[in-house]
Amino acid sequence: MSRPEIDPALGLDLVEERTLSKKDLSVSVVIPAHNEEATIAQVVADAYVGLDVLGVSGDVAVSASGCTDRTAELAAEAGAKVVEAPAGKGAAISAGLAATSGDVVCLIDGDLQYFGQPPLSALLVRPILDGIADAVVSDLYWRPLYPQLWLHGFFAPVAGALFPELIAKVGSTPWSGQRAALRHLWPTELPTDFMVDLQLLLHWNRHAMRLRPVLADDWTNPQRPKPELMAMELEVLLRHAVADGRLTESKVPAVREWYEIAHRAMAEYRPDVDDPQEFERTLLKRSLDELRRCMAAS
(Lines give C-alpha, C1' and ligand atoms only; values in the text may rest on other atoms or scores of the structure.)
Protein backbone atom coordinates (compact mmCIF):
# COMPACT_ATOMS: atom_id res chain seq x y z
CA MET A 1 0.00 0.00 0.00
CA SER A 2 1.38 3.39 -0.97
CA ARG A 3 0.80 6.39 1.24
CA PRO A 4 0.83 10.05 0.18
CA GLU A 5 4.00 11.90 1.07
CA ILE A 6 3.85 14.31 3.99
CA ASP A 7 5.81 17.50 3.42
CA PRO A 8 7.50 18.41 6.73
CA ALA A 9 8.42 21.86 5.37
CA LEU A 10 12.06 21.25 6.27
CA GLY A 11 13.15 23.13 3.17
CA LEU A 12 12.01 26.49 4.46
CA ASP A 13 14.78 29.06 4.33
CA LEU A 14 16.34 29.62 7.72
CA VAL A 15 17.33 33.10 8.83
CA GLU A 16 19.75 34.17 11.49
CA GLU A 17 17.33 36.58 13.14
CA ARG A 18 14.95 35.36 15.77
CA THR A 19 11.37 35.01 14.60
CA LEU A 20 10.24 35.93 18.10
CA SER A 21 10.74 39.39 19.52
CA LYS A 22 10.67 40.76 23.03
CA LYS A 23 7.83 43.07 23.91
CA ASP A 24 7.90 46.29 25.90
CA LEU A 25 4.70 45.82 27.87
CA SER A 26 3.27 46.94 31.19
CA VAL A 27 2.11 44.33 33.69
CA SER A 28 -0.77 44.21 36.15
CA VAL A 29 -0.72 41.62 38.91
CA VAL A 30 -4.26 40.86 40.05
CA ILE A 31 -4.64 39.06 43.37
CA PRO A 32 -8.12 37.66 44.09
CA ALA A 33 -8.48 37.24 47.84
CA HIS A 34 -11.20 36.11 50.22
CA ASN A 35 -10.30 36.50 53.91
CA GLU A 36 -6.56 36.08 53.33
CA GLU A 37 -5.23 38.39 56.07
CA ALA A 38 -2.57 35.84 57.05
CA THR A 39 -0.86 35.83 53.65
CA ILE A 40 -1.95 38.85 51.63
CA ALA A 41 0.85 41.24 52.64
CA GLN A 42 3.54 38.77 51.56
CA VAL A 43 1.75 37.98 48.30
CA VAL A 44 1.58 41.70 47.50
CA ALA A 45 5.25 42.17 48.41
CA ASP A 46 6.24 39.25 46.17
CA ALA A 47 4.22 40.73 43.31
CA TYR A 48 6.12 44.01 43.55
CA VAL A 49 9.43 42.14 43.64
CA GLY A 50 8.28 40.34 40.50
CA LEU A 51 7.70 43.64 38.70
CA ASP A 52 11.18 44.79 39.75
CA VAL A 53 12.76 41.56 38.52
CA LEU A 54 11.03 41.98 35.16
CA GLY A 55 12.05 45.62 34.97
CA VAL A 56 8.63 46.72 33.77
CA SER A 57 6.10 49.33 34.72
CA GLY A 58 2.95 48.02 36.27
CA ASP A 59 0.65 47.80 39.23
CA VAL A 60 -0.61 45.37 41.83
CA ALA A 61 -4.31 45.13 42.62
CA VAL A 62 -6.01 43.05 45.30
CA SER A 63 -9.63 42.12 44.67
CA ALA A 64 -11.05 41.77 48.17
CA SER A 65 -13.83 39.31 47.44
CA GLY A 66 -16.53 39.40 50.10
CA CYS A 67 -13.89 39.78 52.81
CA THR A 68 -14.90 40.05 56.46
CA ASP A 69 -11.37 40.24 57.90
CA ARG A 70 -8.45 42.69 57.47
CA THR A 71 -7.45 41.52 53.98
CA ALA A 72 -8.25 44.84 52.30
CA GLU A 73 -6.58 46.90 55.03
CA LEU A 74 -3.38 44.86 55.02
CA ALA A 75 -3.23 44.79 51.22
CA ALA A 76 -3.46 48.58 51.11
CA GLU A 77 -0.75 48.90 53.75
CA ALA A 78 1.47 46.65 51.60
CA GLY A 79 1.04 49.07 48.70
CA ALA A 80 -1.59 47.37 46.58
CA LYS A 81 -4.53 49.03 44.95
CA VAL A 82 -7.57 47.50 46.65
CA VAL A 83 -10.86 46.98 44.87
CA GLU A 84 -13.89 45.60 46.67
CA ALA A 85 -15.53 42.71 44.84
CA PRO A 86 -18.54 40.46 45.46
CA ALA A 87 -17.92 36.97 46.79
CA GLY A 88 -16.70 34.52 44.16
CA LYS A 89 -13.35 34.04 42.44
CA GLY A 90 -14.65 34.96 39.01
CA ALA A 91 -16.21 38.13 40.38
CA ALA A 92 -12.89 39.02 42.02
CA ILE A 93 -10.98 38.50 38.77
CA SER A 94 -13.44 40.63 36.80
CA ALA A 95 -13.13 43.43 39.35
CA GLY A 96 -9.34 43.24 39.22
CA LEU A 97 -9.31 43.34 35.43
CA ALA A 98 -11.53 46.42 35.44
CA ALA A 99 -9.34 48.18 38.00
CA THR A 100 -6.04 47.68 36.15
CA SER A 101 -4.64 48.65 32.77
CA GLY A 102 -1.47 46.60 32.22
CA ASP A 103 -0.85 45.08 28.79
CA VAL A 104 -0.28 41.75 30.53
CA VAL A 105 -2.44 40.51 33.40
CA CYS A 106 -1.02 38.00 35.88
CA LEU A 107 -3.18 36.21 38.44
CA ILE A 108 -1.75 35.15 41.78
CA ASP A 109 -4.02 33.76 44.49
CA GLY A 110 -4.08 35.69 47.74
CA ASP A 111 -3.46 32.56 49.83
CA LEU A 112 -0.54 31.15 47.83
CA GLN A 113 2.88 30.80 49.44
CA TYR A 114 5.50 30.27 46.75
CA PHE A 115 8.98 29.10 47.74
CA GLY A 116 10.87 29.52 44.47
CA GLN A 117 12.90 32.26 42.83
CA PRO A 118 12.18 34.45 41.00
CA PRO A 119 8.72 35.30 42.36
CA LEU A 120 5.96 33.45 40.57
CA SER A 121 4.60 36.56 38.87
CA ALA A 122 7.97 37.17 37.19
CA LEU A 123 8.27 33.51 36.22
CA LEU A 124 4.86 33.53 34.56
CA VAL A 125 5.09 36.86 32.79
CA ARG A 126 8.61 36.47 31.38
CA PRO A 127 7.62 34.11 28.50
CA ILE A 128 4.96 36.61 27.41
CA LEU A 129 7.41 39.52 27.45
CA ASP A 130 9.91 37.39 25.52
CA GLY A 131 7.32 36.69 22.84
CA ILE A 132 7.26 32.91 23.28
CA ALA A 133 3.75 32.79 24.77
CA ASP A 134 0.51 34.74 24.69
CA ALA A 135 -0.95 33.01 27.73
CA VAL A 136 0.59 30.75 30.37
CA VAL A 137 -0.53 28.46 33.18
CA SER A 138 1.75 27.53 36.07
CA ASP A 139 2.84 23.90 36.09
CA LEU A 140 3.30 23.78 39.84
CA TYR A 141 5.62 21.31 41.51
CA TRP A 142 3.43 18.55 42.92
CA ARG A 143 4.78 16.92 46.05
CA PRO A 144 5.05 13.20 45.25
CA LEU A 145 3.56 12.12 48.57
CA TYR A 146 0.14 13.12 47.22
CA PRO A 147 -1.60 11.65 44.17
CA GLN A 148 -3.09 13.98 41.57
CA LEU A 149 -6.55 12.45 41.67
CA TRP A 150 -8.25 15.25 39.73
CA LEU A 151 -5.70 15.12 36.91
CA HIS A 152 -5.43 11.35 36.46
CA GLY A 153 -8.97 10.36 37.33
CA PHE A 154 -10.89 13.20 35.72
CA PHE A 155 -9.22 15.88 33.64
CA ALA A 156 -6.65 13.95 31.60
CA PRO A 157 -9.14 11.27 30.46
CA VAL A 158 -12.08 13.51 29.56
CA ALA A 159 -10.14 16.54 28.31
CA GLY A 160 -7.81 14.21 26.44
CA ALA A 161 -10.81 12.75 24.64
CA LEU A 162 -12.67 16.01 23.98
CA PHE A 163 -9.86 18.59 23.79
CA PRO A 164 -6.68 16.59 23.13
CA GLU A 165 -4.70 19.64 22.02
CA LEU A 166 -5.30 21.25 25.42
CA ILE A 167 -3.36 18.67 27.42
CA ALA A 168 0.07 19.70 26.15
CA LYS A 169 -0.75 23.40 26.57
CA VAL A 170 -1.65 23.41 30.26
CA GLY A 171 0.85 21.11 31.98
CA SER A 172 0.24 18.89 34.98
CA THR A 173 -1.61 21.42 37.19
CA PRO A 174 -4.18 22.97 34.84
CA TRP A 175 -6.40 23.69 37.84
CA SER A 176 -3.85 26.22 39.08
CA GLY A 177 -5.16 29.76 39.42
CA GLN A 178 -1.65 31.12 38.86
CA ARG A 179 -1.60 32.24 35.24
CA ALA A 180 -0.99 35.19 32.94
CA ALA A 181 -2.05 36.41 29.51
CA LEU A 182 -2.09 39.40 27.23
CA ARG A 183 -4.99 41.64 28.22
CA HIS A 184 -6.97 41.12 25.02
CA LEU A 185 -7.18 37.40 25.83
CA TRP A 186 -9.18 38.00 29.00
CA PRO A 187 -12.92 37.66 28.28
CA THR A 188 -15.15 40.62 29.03
CA GLU A 189 -17.61 38.29 30.75
CA LEU A 190 -16.54 35.62 33.23
CA PRO A 191 -18.44 33.25 35.51
CA THR A 192 -18.52 34.64 39.02
CA ASP A 193 -17.50 31.43 40.79
CA PHE A 194 -14.64 28.91 40.68
CA MET A 195 -15.69 27.83 37.18
CA VAL A 196 -13.63 30.78 35.99
CA ASP A 197 -10.36 28.79 36.01
CA LEU A 198 -11.61 26.16 33.56
CA GLN A 199 -13.51 28.67 31.45
CA LEU A 200 -10.31 30.66 31.00
CA LEU A 201 -8.41 27.56 29.87
CA LEU A 202 -11.03 26.77 27.25
CA HIS A 203 -11.16 30.39 26.10
CA TRP A 204 -7.39 30.56 25.73
CA ASN A 205 -7.32 27.18 24.01
CA ARG A 206 -9.49 28.72 21.32
CA HIS A 207 -8.08 32.25 21.12
CA ALA A 208 -4.43 32.22 22.22
CA MET A 209 -1.92 31.36 19.51
CA ARG A 210 0.61 30.18 22.10
CA LEU A 211 -0.83 28.84 25.36
CA ARG A 212 1.98 27.20 27.32
CA PRO A 213 2.71 25.76 30.77
CA VAL A 214 5.49 27.26 32.88
CA LEU A 215 7.38 24.97 35.27
CA ALA A 216 7.21 26.33 38.82
CA ASP A 217 8.76 25.51 42.18
CA ASP A 218 7.37 24.35 45.53
CA TRP A 219 4.33 26.04 47.02
CA THR A 220 1.53 25.65 49.53
CA ASN A 221 -1.91 27.05 50.17
CA PRO A 222 -4.80 26.23 52.52
CA GLN A 223 -6.86 23.18 51.63
CA ARG A 224 -10.47 24.13 50.99
CA PRO A 225 -12.41 21.15 49.66
CA LYS A 226 -15.03 21.94 47.02
CA PRO A 227 -16.88 18.63 46.66
CA GLU A 228 -19.26 19.78 43.91
CA LEU A 229 -16.66 21.58 41.79
CA MET A 230 -15.57 18.63 39.66
CA ALA A 231 -19.12 17.76 38.59
CA MET A 232 -19.63 21.40 37.62
CA GLU A 233 -16.39 21.34 35.64
CA LEU A 234 -17.61 18.28 33.76
CA GLU A 235 -20.71 20.18 32.65
CA VAL A 236 -18.53 23.05 31.40
CA LEU A 237 -16.40 20.64 29.37
CA LEU A 238 -19.48 18.92 27.96
CA ARG A 239 -21.12 22.20 27.02
CA HIS A 240 -18.03 23.43 25.19
CA ALA A 241 -17.46 20.08 23.50
CA VAL A 242 -21.01 19.97 22.15
CA ALA A 243 -20.83 23.59 21.02
CA ASP A 244 -17.55 22.89 19.19
CA GLY A 245 -18.91 19.78 17.50
CA ARG A 246 -16.51 17.52 19.39
CA LEU A 247 -19.28 15.57 21.09
CA THR A 248 -22.86 14.84 20.10
CA GLU A 249 -25.71 15.37 22.51
CA SER A 250 -26.44 11.65 22.32
CA LYS A 251 -23.04 10.88 23.89
CA VAL A 252 -23.40 13.27 26.84
CA PRO A 253 -25.18 10.73 29.10
CA ALA A 254 -22.36 8.25 28.51
CA VAL A 255 -19.76 10.76 29.68
CA ARG A 256 -21.85 11.53 32.76
CA GLU A 257 -22.06 7.80 33.48
CA TRP A 258 -18.28 7.57 33.19
CA TYR A 259 -17.86 10.47 35.59
CA GLU A 260 -19.75 8.67 38.35
CA ILE A 261 -17.52 5.62 37.90
CA ALA A 262 -14.35 7.73 37.85
CA HIS A 263 -15.46 9.64 40.94
CA ARG A 264 -15.93 6.41 42.88
CA ALA A 265 -12.50 5.22 41.75
CA MET A 266 -10.88 8.43 43.02
CA ALA A 267 -12.66 8.03 46.35
CA GLU A 268 -10.98 4.66 46.86
CA TYR A 269 -7.60 6.25 47.60
CA ARG A 270 -6.37 5.56 51.15
CA PRO A 271 -3.36 7.70 52.18
CA ASP A 272 -2.14 5.24 54.79
CA VAL A 273 -2.28 2.26 52.42
CA ASP A 274 -1.84 3.23 48.77
CA ASP A 275 1.37 4.31 47.07
CA PRO A 276 0.54 7.71 45.50
CA GLN A 277 2.31 7.21 42.17
CA GLU A 278 1.08 3.67 41.69
CA PHE A 279 -2.46 4.77 42.51
CA GLU A 280 -2.18 7.56 39.90
CA ARG A 281 -1.09 5.13 37.19
CA THR A 282 -3.79 2.62 38.02
CA LEU A 283 -6.43 5.33 38.29
CA LEU A 284 -5.55 6.82 34.91
CA LYS A 285 -5.76 3.47 33.12
CA ARG A 286 -8.98 2.55 34.88
CA SER A 287 -10.58 5.90 34.09
CA LEU A 288 -9.54 5.75 30.44
CA ASP A 289 -10.82 2.19 30.09
CA GLU A 290 -14.17 3.12 31.61
CA LEU A 291 -14.53 6.19 29.40
CA ARG A 292 -13.92 4.09 26.29
CA ARG A 293 -16.39 1.47 27.49
CA CYS A 294 -19.12 4.00 28.26
CA MET A 295 -18.67 5.77 24.94
CA ALA A 296 -18.69 2.52 22.97
CA ALA A 297 -21.84 1.31 24.71
CA SER A 298 -23.83 4.48 24.04
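Among the residues of this structure, residue 164 counts as one that is of a type outside the set (Phe, Trp, Tyr), more than 30 Å from residue 102 (Cβ to Cβ), modelled with pLDDT of 95 or more and over 14 Å from the mean Cα position of the chain (by Cα). Please specify each residue of region 250-297 satisfying the condition of being surrounded by fewer than 15 Cβ atoms within 10 Å (Cβ to Cβ) and of a type in the set (Lys, Arg). Correct list: 256, 264, 270, 281, 285, 292, 293. For region 242-277, the candidate set comprises residues that are more than 17 Å from residue 157 (Cα to Cα) and acidic (Asp, Glu); within that set, the residue that is modelled with the lowest pLDDT is 272.
All of 65, 94 fail the test of being in contact with a His (Cβ under 8 Å, 6 or more places away or on another chain), crowded, with 20+ Cβ neighbours inside 10 Å and over 13 Å from residue 178 (Cβ atoms), apart from 65. Hey, could you check region 25-52 for residues that are touching a residue at least 60 places away in the same chain (Cβ under 8 Å) and acidic (Asp, Glu) and say which is farthest from residue 104 (Cα to Cα)? By that ranking, first place goes to 36.
Being of a type in the set (A, V, I, L, M), touching a Leu at 6+ places or on another chain (Cβ under 9 Å), surrounded by 13 or more Cβ atoms within 10 Å (Cβ to Cβ) and outside the structural domain of residue 31 (by TED's automatic domain parsing) holds for only one residue in 211, 247, 229, 190, and it is 247.
In the set (1) outside any strand (DSSP E or B); (2) under 22 Å from residue 221 (Cα atoms), residue 97 fails one condition alone, (2).
Scan region 77-136 residue by residue and report those that are touching a residue at least 24 places away in the same chain (Cβ under 8 Å), among the β-branched types (Val, Ile, Thr) and farther than 16 Å from residue 185 by Cβ.
Taking region 77-136 as the starting set, the residues that turn out to be touching a residue at least 24 places away in the same chain (Cβ under 8 Å) are 77-80, 85-97, 99-136.
Of the ones still in play, those that are also among the β-branched types (Val, Ile, Thr) are 93, 100, 104-105, 108, 125, 128, 132, 136.
Listed by number, the list holds a single entry, 108.
For region 158-168, taking the residues that are of a type outside the set (Val, Ile, Thr) and buried (at least 20 other Cβ atoms within 10 Å of the Cβ), the one that is farthest from residue 244 (Cα to Cα) is identified as 159. Does residue 237 satisfy the criteria of being assigned to a helix (DSSP H, G or I) and either modelled with pLDDT under 95 or out of contact with any Asp or Glu (no Cβ under 7 Å at 6 or more places or on another chain) (or both)? For residue 237, the condition - assigned to a helix (DSSP H, G or I) and either modelled with pLDDT under 95 or out of contact with any Asp or Glu (no Cβ under 7 Å at 6 or more places or on another chain) (or both) - is met.
The values are calculated or read from the model by the stated rules, or taken from the named source; none is laboratory data. What you see is a predicted model; the values in this text were computed from it and never measured. A quick note on method: Cβ atoms are made from the backbone with ideal geometry, for glycine too, and the neighbour counts reach across all protein chains shown.
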